[in-house]
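Participant: Okay, here's the structure, questions in a sec.
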Amino acid sequence: MAILPFDQLVQRIFFNLAYVNINITEACLEDFETLLKGSAEAHGHLCPGQVIGVRMAMLGCELIGLEEPAQLPQIKSLIVYVEIDRCATDAIAFVTGARLGRRSLKFVNNGIMAATFVNLDNGKAFRIRARDTSREQVSSYAPDLPDKHEQQLAAYQKMPRHVLFEVQAVAVDVPYSDLPGPTRFKSKCESCGVIIRDKRELYKNDQVLCRICAGDSYFKGRS
Ligand SMILES: [Zn+2]
Ligand SMILES: [Zn+2]
């Protein structure tokens, strides 16, 4: 499929939405449109993952009682665990303001299109998973659109939440060492001397070691 310029793509999808008379009931349409446009710009393209991610993040924030998660003071209350590193994850980060560098975005590599939204202030947490069955229902929600990609873009906006998502109330014990804020824990690798922050050290043969010295490394040195 030819890749359209971003503005044309947005125009086309919203035209298609109007055409099939889509009514997004749960969220304010204007807010959703603004968020989707911003998220697609930040991500680099408009894709079904942006639609799913924006809706998932809006629902997650609503469930834990945050209306302006990306603004102070609410930005300090939110932790989001994402379970996949694909398109929707960028949309979730965009909508919520959760960021890896702020320690508010946690990546748990489960390979599942799911995220858990935690409000540190009231303890509420909900895990939301995009249902695999929603993919099979795309054509019935946008039968008039010409190709799969556009069908997905339109259908994921139109599907009721319960068709698109499975929602579970959960409890998340966020470790103290994983919280945002200043570094609370530091140790020193007894082999190479590097400083290890946030309790990421390992203990091996009665030694405190960084993960590289402990052999738990994602790379190999080359000579
Ligand atoms: Zn994408
Ligand atoms: Zn070391």
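Participant: Does region 154-170 contain at least one residue that is within 16 Å of ligand 2 (Cβ to nearest atom), modelled with pLDDT of 95 or more, among the hydroxyl-bearing types (Ser, Thr, Tyr) and farther than 21 Å from residue 100 by Cα?
Facilitator: No.
Participant: Moving on. Condition check: aliphatic (A, V, I, L, M), in the same structural domain as residue 88 (by TED's automatic domain parsing) and surrounded by fewer than 16 Cβ atoms within 10 Å (Cβ to Cβ). Does residue 167 satisfy that?
Facilitator: yes
Participant: Out of region 173-221, which residues are within 15 Å of ligand 2 (Cβ to nearest atom), under 30 Å from the mean Cα position of the chain (by Cα) and either surrounded by 14 or more Cβ atoms within 10 Å (Cβ to Cβ) or of a type in the set (S, T, N, Q) (or both)?
Facilitator: 196, 201, 202, 210, 211, 212, 217
Participant: Give the residue that is nearest to ligand 1 (Cβ to nearest atom), with candidates limited to residues of region 36-68 that are surrounded by fewer than 24 Cβ atoms within 10 Å (Cβ to Cβ) and of a type in the set (D, E, K, R).
Facilitator: Among them, the one singled out is 41.
Participant: Condition first: among the β-branched types (Val, Ile, Thr) and out of contact with any Phe, Trp or Tyr (no Cβ under 9 Å at 6 or more places or on another chain). Now tell me which residues in region 51-83 satisfy that.
Facilitator: 75
The values are calculated or read from the model by the stated rules, or taken from the named source; none is laboratory data. Note that the structure is a prediction, hence the values are computed from the model and not measured. Note that each Cβ is placed from the backbone with ideal geometry, even for glycine, and that neighbours are counted across all protein chains shown.
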